[in-house]
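The block underneath contains the structure these notes are about, expressed in structure tokens.
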Amino acid sequence: MSGSSLRTPAAGNGRLPAGRPEQPARAALCLRFGQAPSGTVQPHHRRVARALMQEAALAQGGTVAETPGGDLLLSDSDAADAARLRHTLDRLLAVVAPGLVELWPLPDGAPRVAEALALAARARATPAPEPAEGLPALGRLLAELPLERVVRRQTLLRLAPGATPRAAFLRLGVSLPAVAGQVGPLAEDPDLLRHAAEVLAGRLLRSLSEPAARRDLLGGPPPAPLLIELPAAVLPGALIPAGTPSPQEEPLLVALVPAATAAEPEALRSLRAGLRAQGWGLALGGIGAAALALMAPAGLAVDWIELAWSPALPERGAAAALRALDPARLLLAGCDGPEAMDWGLAAGIARFGGRHVDAVLAATRIAACPEAAQCTQRQCEERAAAAGAGGRAGCRNPALLATGLPRPGAP
Amino acid sequence: MTGRLNGGTAPVLDALMPTLGGQGGPVELAALVRDTVAAGVERQALHLRIGRIAAARRPQHRRALLEAVQPLRRSARLRVYDLPNGDVVAVGAPPAHPIGQVHATLLGMLGAEAAEGLALLRLPQEAATLLGAVEEALGFTAATTPAPEAAPAGPPLDGAALAQAERALGSGDLGAYLRRQVVCRLAPGDGPMEPCWEDRRVSLKLLAEALLPGLDLGAAPWLARRLRRQVDRRLLAELGRADEMKSVRALSLPLTVPTLTSPEFLRFDAQLPVAVRGGLTICVSAAEVLADAAAFAFARDFLRSRGHRVALDEATAGAAALLPALRGGFDLVRLRWTPGLAALREEDLAKLRAALPSEPGRVVLAEVDRPAAIAWGWEAGITLFQGRLIEQRRRSA
């Protein structure tokens with residue numbers, strides 16, 4: 001640390017530091033969160049960055065301010081300290097976007113600091129207290145909520161060079177955004193949201209074993225094996241609809257469990273054995289680039305691994321883990337554009353799901369459907385995702401809708 | 001102490017067991033195992049676990065079993081040990097034909113009970129298993145193992161019960177649920193135990209027994225996690241008090257991932273004097289790591305940039321192999337002792353060893369409740385231990 005602690009605080013009230021050549025060099029630091037790709041900056045990124053800047057401000061006398069656009073500003077600091085902080089922040093936030101931190105040497109940068117401070121909103125209020133209101137009534141709400149409102153169905157597409165595209169799986173799961181829309185402020189706590197989804201997934205599993213409810217959820221005979229998002233907590237004791245125990249063939253029912261289920265690979269092994277005895281397969285879901293970077297997944301006792309697409313997936317961090325996995329056991333979820341599928345195909349993956357796949361399938365159905373004159377592609381996508389008669393209303397070709405994509409050669 | 005050992009299993013008994021008095025059988029057997037490990041010579045052992053055989057409760061059946069092992073006592077190339085609980089162990093250099101013959105006879109007599117009641121072991125590879133049997137025969141295990149809980153799982157934890165528990169937790173004292181244990185360094189033939197740091201954690205089990213009696217937390221893991229987050233906040237608030245701050249100098253603390261970037265943790269971290277940084281180890285379980293790997297990676301980098309150490313917490317052998325220390329960026333791995341570790345297959349053990357941090361003093365074997373755990377730890381090159389057995393030893397020292 002330099003002798004700067006002897007200085008009187010300069011910019012404490014937005015007052016600007018005057019340029020004094022005999023003093024050690026000064027600088028302001030601006031963290032351009034406002035320029036990061038939307039959705040990449042999480043509240044915890046902001047909290048940590050702010051705490052680190054606040055610490056520097058306490059030692060150096062500057063202030064930390066946040067602009068309405070989301071940028072964080074440290075108004076004034078010793079230049080060497082600011083450079084160190086910039087390095088730390090750059091390293092920590094590389095996962096968000098590179099080059100978000102700017103160093104503004106003073107006094108040259110003073111006008112920009114003044115502008116940012118003028119823009120700065122009052123310090124945000126401390127985070128809302130954990131929502132507890134409504135917690136006692138959550139159980140009843142979840143027991144009564146119509147499943148149709150929260151369950152989504154999605155066809156996964158199987159693509160292989162030289163082969164006709166076909167449905168790989170019909171994936172059924174409870175949508176977190178849909179649940180958030182139903183449970184109100186409680187959903188602000190991610191743990192409560194995931195608890196709600198887990199309870200609803202248990203109900204989904206029970207419903208699938210009742211023929212009428214099953215028909216309603218699926219809309220017709222499924223075109224491919226069912227891939228059902230289920231937390232491990234509901235699996236062993238739950239009523240599992242009996243599949244055909246035929247370990248040689250591909251099972252018709254596959255439980256898709258969240259990544260954390262692999263935290264005890266020993267337990268995963270017995271879970272798989274238990275499921276297999278009942279004719280079920282096991283898939284591990286939600287494995288994204290960040291998880292792959294940490295894992296040595298060879299030998300995991302699962303039939304399938306569902307990768308979560310992100311542009312970071314092709315990067316170096318995930319490469320070692322991906323090399324250890326057989327691409328024939330991989331599903332690529334969250335394909336939101338052709339680049340995801342291009343990467344997947346190049347990596348030898350053959351099964352794809354996501355918004356892009358939904359759109360391609362809807363366009364294919366509309367092209368093949370004699371009843372589609374009035375339908376938009378968007379409508380067809382939404383009806384295919386619905387898990388109830390209400391959501392499918394308006395479709396005059398429910399058989400085609402249920403199969404996901406037209407059979408080759410069929411009209 | 002018994003001088004230098006390669007595999008280092010048996011001195012655990014020297015280091016930790018009470019004097020064995022006149023019970024010659026088990027002491028001699030322990031000594032033999034020790035010599036076998038030290039010299040690296042191969043031995044074959046047959047263990048008849050008579051106490052575990054239901055049929056042996058009938059006297060005539062018991063007599064028949066003991067009669068069947070008589071040929072072993074007549075062989076000059078074998079040594080036979082009678083343990084206080086009635087078990088019989090025979091040891092000999094391979095190929096020990098009488099052992100093979102008696103084993104076959106017993107298999108025929110025991111049928112399905114053979115899985116529990118009969119074991120054929122190889123030394124020195126399975127030394128830890130045989131030492132475990134000696135401890136059990138001495139009643140050591142019974143003394144340190146609580147009665148297994150047979151209570152069936154109750155109804156799942158629900159929102160109403162959680163809301164009530166949260167209110168109680170907000171005002172109540174955390175002390176009753178707090179478990180403090182000291183992580184100690186204990187190396188083969190290396191003098192007394194050396195305390196290294198304190199592991200402080202709230203037992204969610206004790207807390208649930210008090211605040212949520214009869215409810216099954218495992219059936220609602222996300223609600224349990226919310227409770228844990230609240231516990232985290234309380235712990236941090238207590239640690240932030242001036243009189244507690246100095247304990248951070250040598251402390252390990254399990255926390256959930258969201259806590260690590262919460263306002264409470266950031267406030268706590270900002271208060272920490274520079275001098276105590278580097279003494280704080282944050283423990284994160286594999287389930288927490290995998291639940292949101294991106295959030296974990298960010299929190300880990302933040303913690304390390306602040307001078308704290310990050311440990312993979314309560315890992316099973318499989319979890320430690322799935323999340324290798326180097327790839328996961330863990331400074332330490334806190335491995336949970338279970339008897340299953342001593343029974344790991346060769347290839348799984350190799351995988352585990354490759355995944356653990358390579359520098360010494362970076363692996364803690366936790367929940368050590370019997371000497372066999374330490375014996376296994378030493379074989380695996382581990383010198384940091386934590387658990388009930390260590391606490392007992394510290395108190396008696």
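The values are calculated or read from the model by the stated rules, or taken from the named source; none is laboratory data. No experiment lies behind these values; they were computed from the predicted model shown. Here the Cβ positions follow ideal geometry from the backbone for every residue, glycine too, while neighbour counts run over all protein chains shown. These accessible areas exclude ligands, DNA and RNA; they are computed on the full protein's heavy atoms, side chains included. Shrake-Rupley method; radii C 1.70, N 1.55, O 1.52, S 1.80 Å.
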Rounded to one decimal in nm, the spacing of the 7 Å Cα→Cβ label points at B:GLU346 and B:ARG241 is 5.6 nm
Simple SL model, points at 7 angstrom along Cα→Cβ for A:ARG316 and A:ALA273; separation in nm is 4.1 nm
In order over the stretch A:139-152: 3J(HN,Hα) from phi, Karplus 6.51/-1.76/1.60, θ = phi - 60°, whole Hz, x for each Gly or Pro, gives x, 5, 3, 5, 6, 9, 5, x, 4, 3, 6, 10, 8, 10
Under the helix-only model (-39500 (n - 2.57) for each DSSP H run of 4 or more, divided by the residues of chain B), the mean residue ellipticity at 222 nm, to 500 deg cm²/dmol, is -13000 deg cm²/dmol
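How big is the Kirkwood radius of the stretch B:246-397, worked out from every pair of different alpha carbons and given in Å to one decimal?
Working: mean 1/r = 0.0619 Å⁻¹.
Computed over Cα pairs of the stretch B:246-397, the Kirkwood hydrodynamic radius comes out at 16.2 Å.
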The set of residues whose placed amide H lies less than 5 Å from the amide H of B:ASP87, leaving out same-chain residues fewer than 5 positions away, is B:ILE50, B:GLY51
The set of residues whose placed amide H lies less than 5 Å from the amide H of B:SER252, leaving out same-chain residues fewer than 5 positions away, is B:GLU198, B:ASP199, B:ARG200, B:THR281
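Dipole size in debye (nearest 20) for the stretch B:281-325 around its Cα centre, Lys and Arg Cβ +1, Asp and Glu Cβ -1?
Details: 4 positive and 5 negative charges, 50 e Å.
Dipole size: approximately 240 debye.
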Taking max minus min of the Cα coordinates of the stretch B:346-397 on each principal axis, largest first, gives extents in Å of 37, 21, 14
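Within 10 Å of each Cβ in peptide B:281-290, how many partner chain Cβ atoms are there on average? Round it to a whole number, please.
Values: counts 0, 0, 0, 0, 3, 6, 7, 2, 7, 12.
Going residue by residue through B:281-290 and averaging, the value is 4.
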Relative to the compact-globule estimate 2.2 N^0.38 Å (N residues), the Cα gyration radius of chain B stands at a ratio of 1.13
Candidates B:ARG233, B:ARG185, B:ARG57; GNM for chain B (alpha-carbon contacts under 10 Å) flags as most fluctuating B:ARG57
With +1 on the Cβ of every Lys and Arg and -1 on the Cβ of every Asp and Glu, the dipole magnitude of the stretch B:321-379 about its Cα centre, in debye rounded to the nearest 20, is 120 debye
With 0.36 nm assigned to each residue of separation and the Cα-Cα distance removed, A:ALA143 to A:GLU266 gains 41.0 nm
Expected field for A:TRP309, accessible surface area in Å² at 1.4 Å probe radius, rounded to 10, holds 40 Å²
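How large, in percent, is the carbon and sulfur part of the accessible surface of chain B at a probe radius of 1.4 Å? It would help to have the intermediate numbers written out before the result.
Numbers: 9020 of 17030 Å².
Of the solvent-accessible surface of chain B, carbon and sulfur hold 53 percent.
About its Cα centre, what dipole magnitude does chain A give when the only charges are +1 on Lys and Arg Cβ and -1 on Asp and Glu Cβ, stated in debye to the nearest 20? Kindly include the intermediate steps, with their values, before the conclusion.
Details: 40 positive and 37 negative charges, 122 e Å.
Dipole of chain A, to the nearest 20 debye: 580 debye.
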Rounded to the nearest 10 Å², the 1.4 Å probe accessible area of B:TRP337 is 20 Å²
Carbon/sulfur accessible area of chain A, % of total, 1.4 Å probe, equals 57 percent
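Could you grab the Rg to Rh ratio for chain A? Cα atoms only, Kirkwood for Rh.
Values: Rg = 26.5 Å, Rh = 24.6 Å.
So for chain A, dividing Rg by the Kirkwood Rh gives 1.08.
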Averaged over residues of A:291-301, the number of beta carbons from other chains lying within 10 Å of each residue's Cβ is 6
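Mind checking A:255-263 for the average number of partner chain beta-carbons within 10 Å of each residue's beta-carbon?
Working: counts 0, 0, 0, 3, 6, 10, 3, 7, 14.
Partner Cβ neighbours, averaged per residue: 5.
What does the C-alpha gyration tensor say about the overall shape of the protein assembly as shown? Classify as rounded when a/c is under 1.5, otherwise prolate if a/b is larger than b/c, or oblate.
On the way: a/c = 2.12, a/b = 1.25, b/c = 1.69.
Oblate is the answer for the protein assembly as shown, as a/c is 1.5 or above yet b/c matches or exceeds a/b.
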Sorted by chain and number, the residues with a modelled amide H under 5 Å from that of A:GLY337, at a separation of 5 or more or across chains, are A:HIS356
